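See structure below.
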Amino acid sequence: QVQLVESGGGLVQAGGSLRLSCAVSGSTFRINAMGWYRQAPGKQRELVATITRGGSTNYADSVKGRFTISGDNAKNTVYLQMNSLKPEDTAVYYCNAARSPYPDYWGQGTQVTVSS
């Protein structure tokens, strides 16, 4: 069992920054990548960024150059630094633990709202 707890969401003006955190606990040995996804009202959940155990990262085109995903193995925490935020970044952000071929785990989500 894996538990993911997100924090760091909130309300910010356009152009501002936020840092999301995802604390990971439980049986983590089968996790091969961590990621952040988001879901805006009326839209499907979409990939934001992922990071593998080896440190390789991948970003959605819409956030490249603005968002940075990182991990702290000592703290079992994954971060998403979000800079130059835009109103279209408004969404619920979810932390994901990928354990292919086993089922993924998801956090409960944290709301990010960017005002114009």
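The values are calculated or read from the model by the stated rules, or taken from the named source; none is laboratory data. Values in this document were obtained by computation on a predicted structure and should not be read as measured data. FYI the Cβ positions are ideal-geometry reconstructions off the backbone, even for glycines, and counts take in every protein chain you see. SASA here: full protein model, heavy atoms, side chains in, ligands and nucleic acids out. Shrake-Rupley method; radii C 1.70, N 1.55, O 1.52, S 1.80 Å.
Tabulated data for the structure shown
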quantity: Size of electric dipole in the stretch 22-73: Cβ of Lys, Arg +1 and of Asp, Glu -1, about Cα centre, debye, nearest 20; calculated: 100
quantity: Alpha-carbon Rg with Dmax, taken over the chain, Å; calculated: 13.5, 42
quantity: Potential lengthening between Glu46 and Thr113 on full extension [0.36 nm per residue; Cα-Cα distance subtracted]; calculated: 22.5 nm
quantity: Difference of contour (0.36 nm per residue) and Cα-Cα distance, Arg66 to Gln81; calculated: 4.6 nm
quantity: Segment Leu11-Trp106, length gained on full extension (0.36 nm per residue, minus Cα span); calculated: 32.0 nm
quantity: Cα gyration tensor category, rounded, prolate or oblate, for the stretch 53-116 with a/c compared to 1.5; calculated: prolate
quantity: Summed residue charge, Cβ within 15 Å of Gly71's Cβ, Lys/Arg positive, Asp/Glu negative; calculated: +1
quantity: Cut-off 11 Å between beta-carbons: net charge of the residues surrounding Gly109, Lys and Arg +1, Asp and Glu -1; calculated: +1
quantity: Accessible area of the chain belonging to carbon and sulfur atoms, whole % at 1.4 Å probe; calculated: 47
